[in-house]
Amino acid sequence: MKKLHQRYVSRRKGSFFKKSFVLILLIACIPGLLTGAGIYLFSAAKIEKELQQMHENQVKRQISQIDDKLEGLEIMLSQLAYDPRLMNGLADADLQTDFQTTYKLSKSLFLLQDQNPLIHKVELFIQGKEPILLNPEYSGMTDRNILKAYHSLLEGGQNVYWKDMSAAPYGMALVHKIPGGISEPFGALILTLDEKEMGHLLESLSPYSKGTALLFHHNQKPVFSGSKRGKANFESVLKGMLEKQKNQQGSFVMDWGGGAYSVSYGRMDRLNQEWTYVSASPMSAITAPVLFLSKLVASVSIAGIVLAFILSWYASHKIYSPVARLIKLCSGEGKAAHFPDEFHWLEKRWEDLTEESGRLKKEMPQAANVFFQRLLGGYFADESERNLRDRLKRWGWEAKDNVFTIIDIQLTGLYEGNGAFTKKDESLAGFLLGNITRELAGRTFKHIYMTDVRSLSLAVLLMSGRKTAFKEETAQFVRELTDVICGISRLHVTVTVSKTAHMLKDIPGMYEEVKEGRHYRQFENASQVIDLSRREDMPPAESYYPFTLEKEVIRALRLEERDEVERRIRLFIRELSEKGKTEIRIQPGMMQLLAKIQEEIFHSGLHPYELFSRKNLLQELSELREPERAVGWMMERVVSPYLKEMEGRKNRQQKRLVEQVLEMIHQHYMNDISLESCADQAGTNSYTLSKAFKQVTGINFIDYVTRLRIEKAKELLLETNKKIHDVSEEVGYRHSYFNRIFKKQVGIPPSRYRQIHQESS
């Protein structure tokens, strides 16, 4: 036991270990956690801001490159427009016949178109009597709508300009009138941008996935789009947010589709035309490095905490080792849990040892009681006589050359009401029995052991060193005990005395003989002594069972006459006690009566096991030792629950019967309905129905039908304009009788009743 407790103490670290472990862990973790939190709080916001600024700068750089490329296209087209080698004489030239000039122009247009991937097409339009278009191949213009669109390019005062020709459809185009200068234009060079290449170029404004870049003409129409989202409604929302901005350039954050977007916008001047660019990128993509940083900080912090936990545990274990050794040295049934820490436990340990010593002395009687219970129960059957005597010696019993006997003492007559105690004083009577027995036995015998008083019964183990006078001492003790108890309590005492034994191994057999022998007591209430050593001289009692009284009990039970059942049971037990004599003969008769009653209960449709709440009635019956108590037990535990259940069953049956009849009344009250007809339909007789109806509803059948009919008549009088004659027929009355019964029930005739309520409404 001590080794087991030592192992328990060593494994179960106390509060000192916990406090030291927590302190070391906090010292190790707090700096790292503070450092990680500081890095994240101060660095994350700064990095996120710098990333957004980097995104804005990137957009500006990319838009600057786009501006340069568009400006290069403007210069290239102007160089071509002002080239005298190509443009001189075009107004008067006949390009239909001048193949050399046409070839030079087409070659120049082709070279310019092939020079830059942003150029989709370069065209030369010359108006005249026969307008022509080089793109770069020669083609005549016969479609009036197309010719009108090209003529419109020569209108206006601006010599070079950008024009949205998506209606043509050609997309965004750079137009340069020819000849250059202030002369009257006769044609125009048209450079159309490649939408696909411009889209790729705009995608560089938003390099992140799910980003969008747009380029708006001066009329706020998007001419080019570099969108990776694939959703047009996003561009429309973005344009709406852009229109709300007051500054020429800047950035803002836009929420869309459950996510946030960083939007950068600005303006650029193209040939006196203001173009607007906008780039929207998801914040999650921009701040991805910040997210990586947070994951890195969290991972490092967790790893640091785990390492700190391991190191703290190791350091705490090393610090706690001397304390653990001290606890092992002082270990017992420790109470360390009741003190703040192990040091308080060590300080109080010597006091605990003293208290434990005193407690062991107090627990000696309880331990001895357990030993004797096991001895009587035969748990030491495998041990030798010597070992048993050594065990007995530990409890102060010197069993050498001693003799033993067991007596069983029972009190009866408590339930007759003639003694100093009533049935409510059972515990007090048991207390008296135990004290008197202990006091009287201690005067005569060397050692005694008494079992606990149960149901006014106890067993006493007696030991004496005088073998010759042992029987006389026992007989004298029994007489004295009987006289004292009868004198004080006026109760009856039944004493069963076992045979004597010289061996401890014989005691369990003696105890079983005593428990069996007490059933030979006369069942009538009288003080008596049963000496099992002379039991062979006792004449056997004749078997007897009052079958006639049993039938009378069952007959009264069937009629549910409680008082008669009780009277017949009392006569049954009285006759059984007079003829059977001994308890061992009477108990089977009472059990037979109980079985017969249970059989009757079973035939009535009830299950005894459920009715009696799964109680072991046979066990309870076997413990009864008085006729009057047996009668009371039969009535209280068996008969009364059965009669109560049968009464409840009748009430439920009556209720169901009445509910069935009430339904018939409400369905057929307007017809000729009677108690007898309802009883026939319900499958019963009129007497039973009348009695049940009055018991359930509180009124008799006729009164209920009359009341229902009058109430229905009231409803018809107030809610319809039917004649009183018709109303009476609808509720099942003749007209003359209806007026009389209505006035009797309501106090006024039906016509007056209708008139009063019509006037009040």
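I need the full set of residues from segment 669-694 which are closer than 15 Å to T706 by Cβ and loosely packed, with under 15 Cβ neighbours inside 10 Å, in order please.
Matches in segment 669-694: M670, N671, D672, S674.
When you go through (1) exposed (fewer than 15 other Cβ atoms within 10 Å of the Cβ); (2) of a type outside the set (D, E, K, R); (3) farther than 30 Å from R570 by Cβ one by one for Y609, which number turns out not to apply?
The single condition Y609 does not satisfy is (3).
Just to confirm my filter: which helices (runs of 4 or more DSSP H) fall fully inside segment 594-641 and include at least 1 residues that are in contact (Cβ under 8 Å) with a residue 40 or more places away in the chain? Quick ask: steps written out before the conclusion?
Working: elements: 608-611, 617-622, 627-633.
By residue number, 627-633.
Does segment 210-232 contain any residue that is hydrophobic (A, V, I, L, M, F, W, C), modelled with pLDDT of 70 or more and surrounded by fewer than 17 Cβ atoms within 10 Å (Cβ to Cβ)? Lay out the reasoning, then the answer.
Of segment 210-232, the ones hydrophobic (A, V, I, L, M, F, W, C) are 213-216, 223-224, 232.
Subsequent filtering for residues that are modelled with pLDDT of 70 or more retains 213-216.
Pick out the ones that are also surrounded by fewer than 17 Cβ atoms within 10 Å (Cβ to Cβ) and you get none.
No: segment 210-232 contains no residue that is hydrophobic (A, V, I, L, M, F, W, C), modelled with pLDDT of 70 or more and surrounded by fewer than 17 Cβ atoms within 10 Å (Cβ to Cβ).
So for segment 460-470 (the condition being at pLDDT below 80, surrounded by 15 or more Cβ atoms within 10 Å (Cβ to Cβ), in contact with a helix residue (DSSP H, G or I) (Cβ under 8 Å, 6 or more places away or on another chain) and charged (D, E, K, R)), does at least one residue qualify?
No, there is no match, as no residue in segment 460-470 is at pLDDT below 80, surrounded by 15 or more Cβ atoms within 10 Å (Cβ to Cβ), in contact with a helix residue (DSSP H, G or I) (Cβ under 8 Å, 6 or more places away or on another chain) and charged (D, E, K, R).
For segment 422-535, please list each of the strands (runs of 3 or more DSSP E) lying entirely inside it that holds at least 3 residues being over 24 Å from R391 (Cα atoms).
Values: elements: 447-450, 457-464, 492-497, 528-531.
Fully inside segment 422-535 and qualifying: 492-497, 528-531.
Sort out which residues of segment 240-277 are closer than 30 Å to H176 by Cβ and outside any strand (DSSP E or B), and write them in order of number.
So the first thing to find is which residues in segment 240-277 are closer than 30 Å to H176 by Cβ, and the list is 248-249, 265-277.
Across segment 240-277, the qualifying residues are Q248, Q249, L271, N272.
For segment 60-74, check the following and say yes or no: at least one residue is part of a helix (DSSP H, G or I), surrounded by 12 or more Cβ atoms within 10 Å (Cβ to Cβ), modelled with pLDDT of 75 or more and in contact with a His (Cβ under 9 Å, 6 or more places away or on another chain).
yes
Identify all residues within segment 550-570 that are farther than 12 Å from M590 by Cβ and in contact (Cβ under 8 Å) with a residue 24 or more places away in the chain; write none if there are none.
In the first step, residues of segment 550-570 are kept if they are farther than 12 Å from M590 by Cβ; the result is 551-552, 554-568, 570.
Answer for segment 550-570, where residues must be farther than 12 Å from M590 by Cβ and in contact (Cβ under 8 Å) with a residue 24 or more places away in the chain: I554, L557, R558, E560, R562, V565, E566, R570.
Here is a list: E524, E550, E560. Which entry is modelled with pLDDT under 80 and in contact with a Leu (Cβ under 7 Å, 6 or more places away or on another chain)?
On the way: E524 fails: in contact with a Leu (Cβ under 7 Å, 6 or more places away or on another chain); E550 fails: modelled with pLDDT under 80.
Of the residues listed, the single one that is modelled with pLDDT under 80 and in contact with a Leu (Cβ under 7 Å, 6 or more places away or on another chain) is E560.
The values are calculated or read from the model by the stated rules, or taken from the named source; none is laboratory data. On a predicted model such as this, the values are computed, not experimentally measured, just so you know. With ideal geometry, Cβ positions are generated from the backbone for all residues, glycine too; neighbour counts draw on all protein chains shown.
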